[in-house]
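Reviewing the structure listed below.
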Amino acid sequence: MKCPFCAHLQDKVVDSREGKDGLAIRRRRQCLKCNRRFTSYERIDEIPFMVVKKDGKREPFDRNKILAGLRRACEKRPVSPAELEGLADEVEQSLQESPEREMTTQKIGERVIERLKELDKVAYVRFASVYRQFGDVDQFMKELKDLLEARK
């Protein structure tokens, strides 16, 4: 590990503990040259999870794309950034636990929609309207009616 202060390559580990999420190890290190301390985080390098797009192209899973869509759907809604992060974490975790190493955007979107429906109904409708690409007002109204009936 290279010291971020003097670029020396030798250090010693002063303290190690599990990260907050349990998926990383936090290590406090001390440079053997300048004696300054710094923190490093280690994560397990997993096999990349691939997403199959509508046109058949494959690309690595990008958690930031889910977060961007969630932020747009939850704009001006009483949903905290921490709740959005938690939702994205849940979706990412469920994908990582899946035995399949690739999944369609359709299936991923459905997982997001499922969870978003519990979090905020307006954000759910916004996300679903973009994601499901309602062809006309009737499809949109049907979704709203289903949502209202589920509330009763």
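Quick note: the coordinates plus some simple rules give every number you see, no bench work behind them. None of the values given here were measured: they were computed from a predicted structure. No Cβ is skipped: glycine too gets one built from the backbone with ideal geometry, and neighbour counts run over all protein chains shown.
Brief remarks on what is shown
- Each of Pro78, Tyr124, Gln139 was placed along the dipole of the chain (beta-carbon charges, centred on the mean Cα), and the one lying farthest toward the positive end is Pro78.
- Excluding exposed DSSP-loop chymotrypsin sites (Phe, Trp or Tyr not before Pro) (at most 15 other C-beta within 10 Å), longest clean stretch of the chain: 6-133
- Dipole-positive endmost among Gly109, Pro4, Thr39 within the chain (Cβ charges, Cα centre): Pro4
- Calculated diffusion of the chain, Stokes-Einstein form, Kirkwood radius summed over Cα pairs, 25 °C and 0.890 mPa s, µm²/s: 132 µm²/s
- With a cut-off of 17 Å on the backbone N, the residues of region 105-132 near the modelled label site 7 Å out from Lys57 along Cα-Cβ are 105-106.
- For region 36-108, dividing the convex hull volume of the Cα atoms by the residue count gives 139 Å³ per residue.
- For Thr105, Thr39, order by how many other beta-carbon atoms lie within 10 Å, fewest first: Thr39, Thr105
- Think of each Lys and Arg Cβ as +1 and each Asp and Glu Cβ as -1; about the Cα centre, that makes the dipole of the chain roughly 780 debye.
- Where trypsin sites (Lys or Arg not before Pro) fall in DSSP loop in region 52-137, at most 14 other Cβ within 10 Å: Lys53, Lys54, Lys57, Lys76, Arg101
- The Cα-based radius of gyration and maximum Cα-Cα distance (Dmax) for region 81-132 are 11.3, 33 Å.
- For the chain: relative contact order, % (alpha-carbon pairs under 8 angstrom, 6 or more apart): 15 percent
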